[in-house]
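**Student:** Dropping the structure in here first, questions after.
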Amino acid sequence: MRNISINELDHTPRSVVAIGTDYADGYLLQRHSHRRGQLLYGVTGVMQVSTLEGNWVVPPQRAVWLPALIEHQVLMLGVSTRSLYIEPDAVGALGRDCRVISVSPLMRQLLIEAVQMPLEYDESGRDGTLINLLLHELARATQLPLHIPLPEDQRLQPLCVAFVQQPDVHQSAGDWAAQAHLSLRTFSRLFRQQTGLSFVQWRQRACVVQALARLAGGETITRIALDFGYESPAAFSSMFRRVLGQPPSTYLQAAI
């Protein structure tokens with residue numbers, strides 16, 4: 001099915017419903033949730049996803065898993081999507097956490113094919129086998145470090161939100177500890193407890209994720225590096241490679 005809301009199809013007596021949707025560049029899906037879990041895959045473009053737990057950027061040819069009933073907002077930047085809406089009892093190992101995942105060539109073709117299937121496909125035939133294989137591929141997909149976790153602690157959360165809005169690598173753990181009226185030791189322990197990352201790891205992750213969104217919008221590596229406070233594009237690219245294993249000049253196109 002193409003360009004139709006899941007709200008019109010949620011009653012379908014199948015554990016998985018596949019829908020393809022084309023969005024205008026810059027279209028904002030306002031905060032909402034689904035009864036089913038959603039695998040949201042971008043054939044083209046970049047998606048920026050936000051929940052109360054944090055922010056994710058989804059490059060082309062990757063996907064984001066959104067558990068059932070999780071409120072989320074998505075900014076579509078030149079995106080054509082293929083989505084699977086999965087009944088909670090069919091989710092298996094995907095769990096309750098949002099995540100950006102890799103999409104294998106096999107999964108990509110299965111997603112494209114699933115959208116062409118009849119809505120009430122034959123569960124015991126070829127189409128049912130295709131859906132089962134899709135769920136197996138989904139369960140084994142690799143999680144990607146494209147999540148900026150936000151702490152619940154109200155001493156830390158405003159600092160993180162402000163950094164996401166305007167990254168600056170010159171900000172240090174000592175600076176943040178002082179602003180939060182905490183010792184550096186207490187701040188570092190609390191920050192890791194709240195985010196699962198050290199301050200430096202979180203700062204690098206936030207810079208990489210925000211840079212991906214800007215790169216997708218056509219900004220240059222040089223402009224982004226200088227805006228984030230790096231001394232040179234080479235220094236920024238080196239950090240980016242450490243986090244994602246590829247330089248920013250190739251990462252967005254790597255899976256196409």
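**Student:** Loop only per DSSP, at most 14 neighbouring Cβ atoms within 10 Å: give me the GluC sites (Glu not before Pro) in the range 114-177, ordered by residue number.
**Tutor:** Passing sites in the range 114-177 are Glu120, Glu123, Glu152.
**Student:** In whole Å, what are the extents of the range 115-256 along the principal axes defined by its C-alpha atoms, from largest to smallest?
**Tutor:** So the extents along the principal axes, rounded to whole Å, are 63, 34, 22.
**Student:** What's the center-to-center distance, using Cα atoms, between the range 1-50 and the range 182-256 in Å?
**Tutor:** Taking the Cα centre of the range 182-256 as reference, the centre of the range 1-50 is 28 Å away.
**Student:** Normalised by the empirical 2.2 N^0.38 Å for globular proteins, what value does the Cα Rg of the range 177-256 take?
**Tutor:** 1.27
**Student:** Which chymotrypsin sites (Phe, Trp or Tyr not before Pro) from the range 40-69 combine a DSSP loop assignment with at most 16 other Cβ atoms within 10 Å?
**Tutor:** In loop regions of the range 40-69 (DSSP not H, G, I, E or B), there are no sparsely surrounded chymotrypsin sites (Phe, Trp or Tyr not before Pro).
**Student:** Connecting C-alpha atoms closer than 10 Å in a GNM of the chain, tell me which of Val115, Val91, Val200 has the biggest fluctuation.
**Tutor:** Highest fluctuation among the options: Val200.
**Student:** Here's something else I'd like to know. Find the Rg to Rh ratio for the range 6-144, where Rh is the Kirkwood radius over alpha-carbon pairs and Rg uses the same atoms.
**Tutor:** On the Cα set of the range 6-144, Rg over Rh gives 0.93.
**Student:** Now a separate question. Rounded to a whole number, what is D in µm²/s for the range 79-146 from Stokes-Einstein with the Kirkwood radius over alpha-carbon pairs (37 °C, 0.692 mPa s)?
**Tutor:** 253
**Student:** Given Cβ point charges of +1 (Lys, Arg) and -1 (Asp, Glu) and nothing else, what value in debye, to the nearest 20, does the dipole of the range 6-144 about its Cα centre take?
**Tutor:** I would put it at about 380 debye.
**Student:** Considering the dipole of the chain built from charges on the beta carbon (Lys and Arg +1, Asp and Glu -1) around the Cα centre, which of Ile70, Ala141, Leu184 is farthest to its positive end?
**Tutor:** Farthest towards the positive pole: Leu184.
**Student:** Calculate the spin-label point distance for Glu53 paired with Ala235, positioning each point 7 Å from the Cα along the beta-carbon direction, and give it in nanometres.
**Tutor:** Here the modelled spin labels are 3.5 nm apart.
**Student:** Within the set of other residues whose C-beta is less than 9 Å from the C-beta of Gly20, count the net charge using Lys and Arg as +1 and Asp and Glu as -1.
**Tutor:** Combined, the nearby Lys, Arg, Asp and Glu give +1.
**Student:** Okay, next question. Per DSSP H run of n ≥ 4, the term is -39500 (n - 2.57); total these for the chain, divide by its residue number, and report the mean residue ellipticity at 222 nm rounded to 500 deg cm²/dmol.
**Tutor:** Mean residue ellipticity, 222 nm, calculated: -11000 deg cm²/dmol.
**Student:** If you average 1/r over all unlike Cα pairs in the chain and invert the result, what Kirkwood radius do you get in angstrom?
**Tutor:** 19.4
**Student:** When the dipole is taken about the Cα centre of the range 149-251, and only Lys, Arg (+1) and Asp, Glu (-1) are charged at their Cβ, what size is it in debye, to the nearest 20?
**Tutor:** Rounded to the nearest 20 debye, it is 300 debye.
**Student:** To the nearest 20 Debye, how big is the dipole of the chain about its Cα centre, given +1 on the beta carbon of each Lys and Arg and -1 on that of each Asp and Glu?
**Tutor:** Roughly 760 debye, rounded to the nearest 20.
**Student:** Same structure again: If you take the charge dipole of the range 6-144 about its Cα centre, with +1 on Lys and Arg Cβ and -1 on Asp and Glu Cβ, which of Leu110, Thr129, Val58 is farthest toward its positive end?
**Tutor:** Value: Val58.
Read the figures in this text as sums done on the coordinates, not as results from a lab. For clarity, every value in this text was computed on a predicted model and none was experimentally measured. Backbone-built Cβ (ideal geometry, glycine too); neighbour counts: all protein chains shown.
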